[in-house]
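Below is one structure, written out as structure tokens, with a few remarks after it.
The values are calculated or read from the model by the stated rules, or taken from the named source; none is laboratory data. As the structure is a computational prediction, the values presented were derived from the model and not from experiment. Heads up, the Cβs are rebuilt from the backbone with ideal geometry, glycines too, and the neighbour counts pull from every protein chain shown. Note: areas computed on protein heavy atoms with side chains; ligands, DNA, RNA excluded. Shrake-Rupley method; radii C 1.70, N 1.55, O 1.52, S 1.80 Å.
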Amino acid sequence: MKIQLAGTLLEDQVPFLADTASQFPVLFGGYGSGKTHALVIKMFQLMDANPGLPGGLLCPDKVMFNRDVYPIIVNMCAESGIEFKYRNGQGRWEMYFPTTKSTVYIFHGMAKGLNIRGPNLAWFVINEITLLDHATFMAAVGRVRLPNAAMPQIAGSGTPEDFNWTYDVYVDKPMPGAS
């Protein structure tokens, strides 16, 4: 791994982060369980596994990104000495990480996936996957289509809210590649 992250993992984060074979790994947990922190680590793993290839980060809304995800990225980068740039590029916000020469496109919203357009991606991470609709999830899956991606995962984390589509495709009748 080119990127060396500071910090210690929680026991429940380890299987999610060790999963490099599943196409759709997910980490479900309660409030304060470290699921967003683990998702950011997964983002760095995917950047490292797919150097120079773009990836995506999806949050239900910009408020959740700014409140929950972005501070973890900033702190993790500061603690680990990782440089990045947060910028507005081609009509959407993105982060650029020189260490892996990776661009991470940031997507927000639950507009049945209509807002997830544009780049072809090597991987995708989804924060609070249980708050999104299935169409938005499928739109994210549809963006991961770079043939030279070494690890084309669509990873998610979230708190189970009810028996919605995430229960159906991850627990009740898991879709192929789900873990």
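On inspection, Ile126 fails the criterion of being in a loop (DSSP other than H, G, I, E, B) and open to solvent by less than 10 Å² (accessible area, probe 1.4 Å).
The set of residues in region 139-179 being of a type in the set (A, V, I, L, M), within 18 Å of the chain's Cα centre (by Cα) and either part of a loop (DSSP other than H, G, I, E, B) or at pLDDT 90 or above (or both) consists of Ala139, Ala140, Val141, Val144, Leu146, Ala149, Ala150, Met151, Ile154, Ala155. When the residues of region 137-162 are filtered to those that are β-branched (Val, Ile, Thr) and touching a helix residue (DSSP H, G or I) at 6+ places or on another chain (Cβ under 9 Å), the one that is surrounded by the most Cβ atoms within 10 Å (Cβ to Cβ) is Ile154.
Rundown of residues vs (1) touching a Lys or Arg at 6+ places or on another chain (Cβ under 9 Å); (2) without any contact (Cβ under 8 Å) to a residue 24 or more places away in the chain, yes/no style:
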site	(1), (2)
Leu9	no, no
Gln13	yes, no
Ala18	no, yes
Phe28	yes, no
His37	no, no
Phe44	no, no
Pro51	yes, no
Gly55	no, no
Asp61	no, no
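Considering region 102-122, the residues that are small (Gly, Ala, Ser) and buried (at least 16 other Cβ atoms within 10 Å of the Cβ) include one that is nearest to the chain's Cα centre (by Cα), namely Ala122. Residues that are at pLDDT 85 or above and farther than 25 Å from Ala150 by Cα: does region 51-60 have at least one? Within region 51-60 (the criterion being at pLDDT 85 or above and farther than 25 Å from Ala150 by Cα), the answer is yes, since at least one residue qualifies.
Yes/no matrix, rows are residues, columns are (1) over 16 Å from Leu57 (Cβ atoms); (2) free of Cβ contacts under 8 Å to residues at least 24 places away in the same chain:
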position	(1), (2)
Phe84	no, yes
Ala111	yes, no
Thr130	yes, no
Arg143	no, no
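Residues of region 104-120 include none that is closer than 22 Å to Gly29 by Cβ, of a type in the set (A, V, I, L, M) and part of a strand (DSSP E or B).
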